[in-house]
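The values are calculated or read from the model by the stated rules, or taken from the named source; none is laboratory data. All figures in this text were calculated on a predicted structure; none of them were measured in a lab. Quick reminder, even Gly has a Cβ in these numbers, built from the backbone with ideal geometry, and neighbours come from all protein chains shown. Accessible surface is based on the protein model in full, side chains and every heavy atom, while ligands, DNA and RNA are left aside. Shrake-Rupley method; radii C 1.70, N 1.55, O 1.52, S 1.80 Å.
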Amino acid sequence: MDHDVVGLVEQWLAGPNSEASGHFSYQAVEHYRPAVLHWLTAGCGGGGGLPDPEAYLRPTPAALQEWAVGYAGAARSRDAACGAVRSFYRWLETPAGAGGPGLVPVGTAKSLQFQRGGNFAAGLPGRELWTPDQCRWLAQAADRYQGTRRESPHRARALVYLCLNHYLWGRGSEEDVLRPGQIAAMRLRGRHQEQHRTTWDVPQKNAASDATRLQPVHHDAVRAIDEYLPYRAAALPDTGHLFTTVNGRPLEPQSLLRILRGVAATHPDLEETASELSADAVTHSPAPAAPAGV
């Protein structure tokens, strides 16, 4: 290859995370480095021993999907690997004057979101996205949810509405997507109110713990949060996490999946598939057409 791809990867990992206002976390670096290096040497559509040393500059979504299936057996690992590759190309397309090498055309990383045009979520072959109707049914189920001995209906509804933040906006923007791990990591003090607009300092995926991005939260989700807050349990000292367990500890992302499945199981059109529900599939579902006035 004409370019030192190993050096490019190291330069990318050492610089700011382009998806957040901070640097990559140590854990992200440890997982991203081998994934991207493997893609550059064994993927890119050519397999091992690329006939074209510059093939990595022309990635295709089909090549990424095929490579991900062979790279990792677990769906979550494939998802993370695809995310690493897209993040790398997002940096590659950044102009030199803005902190990147400018080696690929702007939009290359976005073009690798092959799931948006099909029915696959977050780089996971075989994980179906939800339709707008299914998202609507999930919101209806959350509105009617009575709760259980383990789960408060107020917390469940707020969590569901945050997972549907992009659906509620109806804008189809990646910036509206709140991933399960981000929701679980949200802090009380991250809220900002500007007249009728609410934004939140949301921790960014695979970034350092202090790296956040200000994201708009739909007013329906904000209303659900406000209804939950009087029932929120706080530990001593209070951790400051928005969502907590009954003991006041921070809610784990795995618990969010359990709650989503429990809510979905109460809707007649979702109960059959509720046990296989993927939180990522919900949060990455295509948004409906924007309502008038939004």
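If I model a spin label at N247 and K110 as a point 7 Å from the Cα along the Cα→Cβ vector, what separation in nanometres do I get?
About 4.6 nm separates the two model spin labels.
Roll a 1.4 angstrom probe over the protein heavy atoms and tell me the percent of accessible area of segment 131-241 that is carbon or sulfur.
Values: 2700 of 5480 Å².
Result for segment 131-241: 49 percent of the exposed heavy-atom area is carbon or sulfur.
Show the residues, 5+ positions off or on another chain, whose built amide H is closer than 5 Å to the amide H of R191.
D201
Pulled fully out, how much extra length does the chain show between L188 and S77, if you take 0.36 nm times their separation in residues and subtract their Cα-Cα distance? Could you put the intermediate results ahead of the total?
Numbers: separation 111, 0.36 × 111 = 39.96 nm, distance 3.03 nm.
Roughly 36.9 nm would be gained on extension.
Would you kindly state how much longer the chain becomes between R171 and Q146 on full extension, computed as 0.36 nm times their sequence separation minus their alpha carbon distance, in nm to one decimal? Could you put the intermediate results ahead of the total?
Working: separation 25, 0.36 × 25 = 9.00 nm, distance 3.03 nm.
Separation in residues times 0.36 nm, less the Cα-Cα distance, equals 6.0 nm.
Going by amide H atoms built from the backbone, whose H comes under 5 Å of the H on T198, apart from near neighbours?
The answer is V217.
What accessible area, in Å² to the nearest ten, does a 1.4 Å probe give for Y32?
10 Å²
How would you order 107-113, 277-283 from highest to lowest mean count of nearby Cβ atoms within 10 Å? Each step should come with its number before you reach the end.
Working: 107-113: 16.0, 277-283: 22.1.
Top of the packing list down: 277-283, 107-113.
So who's got an amide H within less than 5 Å of the one on H23, skipping anything under 5 residues away but keeping other chains? H placed 1.01 Å off N, in plane.
Distant-sequence amide H within range of H23: N17, A208.
For segment 222-229, just list the computed ³J(HN,Hα) in residue order, Karplus coefficients 6.51, -1.76 and 1.60, θ = phi - 60°, integers in Hz, with x standing in for Gly and Pro.
Result, rounded to whole Hz: 4, 4, 5, 5, 4, 6, 7, 3.
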